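> Handing you this structure, nothing more for now.
Each reported figure results from applying straightforward, stated rules to the coordinates on display, with no laboratory input. Keep in mind it's a predicted model, so treat the numbers as computed, not measured. Ideal geometry is used to build each Cβ from the backbone, glycine not excepted, and the neighbour counts take in all protein chains shown.
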Amino acid sequence: MKKNKYEIKMTGRFKKDLKIVRKREYFDAELLNNVVEMLANDITLPAKYNNHLLEPKSKRIMGMSFETKLAIGI
């Protein structure tokens, strides 16, 4: 297993959401793993994920495309 730039911590809320979204037919675990690995290694997400800042609430949180949000249940 390779070392990530950032540590990945699964919160209770994430685990609960993941359990729910795994039951959906369009959930792609490989897509989720790829996106999480890219974020953990501080790699800019490709344009297909529609990476964007979520403003004005926070200037530090990055957003994702609708498909990615569905895949991870947010």
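> With θ set to phi - 60° and the Karplus curve 6.51 cos²θ - 1.76 cosθ + 1.60, what are the ³J(HN,Hα) couplings of segment 33-39 in order, to the nearest whole Hz, using x for Gly and Pro?
4, 5, 5, 5, 5, 4, 5
> Oh, and also: Would you kindly state how much longer the chain becomes between Arg22 and Asn50 on full extension, computed as 0.36 nm times their sequence separation minus their alpha carbon distance, in nm to one decimal? Don't jump to the answer; show the numbers that get you there.
Details: separation 28, 0.36 × 28 = 10.08 nm, distance 2.25 nm.
The span from Arg22 to Asn50 would gain 7.8 nm if fully extended.
> Between Tyr6 and Glu30, what is the label-point separation in nm under the 7 Å Cα-to-beta-carbon projection?
The answer from the label model is 2.5 nm.
> For segment 11-21, take each phi angle, set θ = phi - 60°, evaluate the Karplus expression 6.51 cos²θ - 1.76 cosθ + 1.60, and give the result in whole Hz per residue in order, putting x for glycine and proline.
Once θ is set to phi - 60°, the couplings for segment 11-21 become 6, x, 5, 4, 4, 5, 5, 5, 4, 6, 6 Hz.
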